[in-house]
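Notes for the one structure printed next.
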Amino acid sequence: MKKLKGFQVWYEKRTFRQLLTWSMVTLLSVLFICFSLILTSLSENKIRQNVKDNMSIVVKQFNVYLDNYIANVYSAFLTLESNQNLLQLRNMREGNQSLPYAAANYVYLNRLLKQLFNANKTSVCNVYLNFGNGKVLQQAYEQDLLKINYTYGIWKERFPDNSYYWVDADSFRDLIPDKEVGAVLFHLYDGENNNRSGIILIALKQDFFENILDVTALDQDAALSILTDYGIMHFGSPDAWKAVQDKREYLVNHECSDGEVRTNILDGYYFMSKSIKQTGWKLVYNVKESSISNAHYIIRDAMVLVAIAVAVSAVILGILSDAISYSLRELARKVEAEDILEREISVHSYEEITTLSKNLEKMRVHINRLLKRIKEEQGAKQRMEIALLQEQINPHFLYNTLYSISQLCELKKTEKASEMLLALAAFYRIGLSKGKTIITVKEELKHVKNYLFIQHFRYSDLFDYTIDCDEEILDCLIPKMSLQPLVENAIYHGIKMKHEFGNICILGGTYDGKHACLEVHDDGPGIEPEQLEEIRTYLKDGKPGEKTASFGMKNVNARLKLEFGQEAGVEIESVSQDTCVRICFSMKRENEETS
């Protein structure tokens, strides 16, 4: 414990330059010594074994990939082969081809071919079937029809067995001249039992195998090949490919048991092979033996270079650490200053120190900007709350409503007068809300419903209204009196400008489960495009809390953004005689409120 404390004291007394120099020199020295000891202990046989292991890993990985891929293609082939629509078309006699179900068979079969092709389109270029020498002929392809010289008799003579064939296309270019095809899986069907003879064939892309087998990026002297029953699929080093050709017979005759990777050394090449399931193919990876031996000399040269690098690095580090530590000390001095937010942070040094200095300066400016914005937003919020309180009791609206109630009393329509008094009381009760500025959507809709009830009584011959809102958003929070100014605009600037009976519709709901929308529609005369653009610009560019002459859309827009962020706000659309003002906001409930 005492030794640990002593080291801590010693460490704290050292300068950054000393610690950096000693640490880097010590680290490089230790790394060099360890590196040298490890590499010295490795014999050339060990290096060879490591290379063999890497080759084995490559072979196994590619083999697993091809096994899985072949299994998928084979499974798709069997699905197509056993399809009832295909079986019915094969069994159909010549005179029955006009039956209605034949057309349905073709449609469903065509759909199945496309599904099979789309599921494997990265590797399959064509799905082809031909029965009755073209009586039943369909293809699914990406760009062009398959170029194929198909006659049942010729193909049956070349492939007499009643089995599934996996063949490379290069060995049968007289039958499959299409250069885009690298290999095919097919099955020939005899015309026994009155069935049509024919073929089902899946053509695999040439570039699919090229992308798999081209390993020159790993080693210029290496090659990855597939030995088929008829030829070789290869895209690697020409010399390595020639070596595979020369030893093809030997490699084919030395079969691999299931899961086995065979290793052979033939004429200066390492060969590793593994059988591919279901195809009879064999995956072969070969690399020059000389390229493995060269690793021993490369290691020796690397050790010399590392020793030189350590010595040079020690000298350079001593010079750089002093310069770097000076810049860091200067930067630390400026950061520790008491008036850091008022003074510019600027240190000109190497790129990293300069970048750090610039980022600290950006952070200082950003902090100042945030502090200023917080002050502005606090002031804006206070101003808007004052404006809200002022608008909560509109003397003109109150006077007109009371006058209407007075007239009802004079006409002895006490029941109507009572309804209006209750609506007016509810309107102002929600408007005041004990000083709350945030209420639920349900309360806001009730507030605007009372407003519409009063206005509808006054202008019953002018408009009608409907309110429809999803229950899912009724308990969400919204700034108080967000809808009333929009409804007021709809009445006075929409319906009354129409000079005939109109409708106002209020809709509410959510479009993604996270955000809610409330819309006010009116079928007034609409808004001219120029005026509509001016309103949108006014909503977009106006800052929250700016002093305005009335409690309108801009104030609602500002309060929404202040409460829910910049994604919230007011949107306006006007198409012909339909004007829609929409307010969007996040779905926040009382138990989730954080503001």
| query | Which condition breaks for residue 502 when tested against (1) over 44 Å from the mean Cα position of the chain (by Cα); (2) surrounded by fewer than 16 Cβ atoms within 10 Å (Cβ to Cβ)? | reply | (2)
| Conditions (1) at pLDDT below 80; (2) more than 33 Å from the chain's Cα centre (by Cα); number of the one not met by residue 144 | (2)
| Which one of the conditions (1) at pLDDT 75 or above; (2) within 24 Å of residue 552 (Cα to Cα); (3) surrounded by 16 or more Cβ atoms within 10 Å (Cβ to Cβ) does residue 381 fail to meet, given that it meets all the rest? | (1)
| query | Of (1) surrounded by 15 or more Cβ atoms within 10 Å (Cβ to Cβ); (2) at pLDDT 75 or above, residue 359 satisfies all except one. Which? | reply | (1)
| Among (1) farther than 26 Å from residue 556 by Cα; (2) at pLDDT below 75; (3) in a helix (DSSP H, G or I), which single condition is residue 400 missing? | (1)
| request: For residue 416, state whether it is at pLDDT below 80 and either closer than 24 Å to residue 559 by Cβ or not β-branched (Val, Ile, Thr) (or both). | output: yes
| Which ranges mark the helices (runs of 4 or more DSSP H) fully within region 1-85 that have 2 or more residues being modelled with pLDDT of 75 or more, among the β-branched types (Val, Ile, Thr) and surrounded by 12 or more Cβ atoms within 10 Å (Cβ to Cβ)? | 44-81
| Looking at region 98-105, is at least one residue modelled with pLDDT of 75 or more and surrounded by 15 or more Cβ atoms within 10 Å (Cβ to Cβ)? | yes
| request: Name every residue in region 406-456 that is over 50 Å from the mean Cα position of the chain (by Cα) and part of a loop (DSSP other than H, G, I, E, B), in order of residue number. | output: 411, 412, 413
| remark: Of the listed residues (161, 168), the one being closer than 26 Å to residue 59 by Cα, more than 30 Å from the chain's Cα centre (by Cα) and modelled with pLDDT of 85 or more is 168
| query | within 19 Å of residue 231 (Cα to Cα), in the same structural domain as residue 87 (by TED's automatic domain parsing), more than 36 Å from the chain's Cα centre (by Cα) and crowded, with 19+ Cβ neighbours inside 10 Å, is that true of residue 181? | reply | no
| field | Candidates 491, 495, 454, 467, filtered to the one that is in contact (Cβ under 8 Å) with a residue 24 or more places away in the chain and farther than 18 Å from residue 579 by Cβ | value | 454
| Would region 202-209 turn up any residue that is modelled with pLDDT under 85, more than 23 Å from residue 152 (Cα to Cα) and surrounded by 20 or more Cβ atoms within 10 Å (Cβ to Cβ)? | yes
| said: On the basis of being under 16 Å from residue 531 (Cβ atoms) and at pLDDT below 80, does residue 550 make the cut? | reply: no
| task | Determine the pairs where a residue that is under 14 Å from residue 287 (Cα atoms), located within region 49-62, has a partner that is modelled with pLDDT under 75 and part of a helix (DSSP H, G or I) with Cβ atoms under 6 Å apart, the partner being 6 or more residues away or on another chain. | result | 51/292
| remark: Taking region 554-595 and keeping only residues that are assigned to a loop (DSSP other than H, G, I, E, B), at pLDDT below 85 and surrounded by 18 or more Cβ atoms within 10 Å (Cβ to Cβ), one is left with none
| field | Residue ID - surrounded by the most Cβ atoms within 10 Å (Cβ to Cβ), chosen from residues in region 472-495 that are among the aliphatic types (A, V, I, L, M) and in a helix (DSSP H, G or I) | value | 490
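The values are calculated or read from the model by the stated rules, or taken from the named source; none is laboratory data. Computed from a prediction, not measured in an experiment: that's the story for all the values here. All Cβ positions, glycine included, derive from the backbone under ideal geometry; neighbour counts span all protein chains shown.
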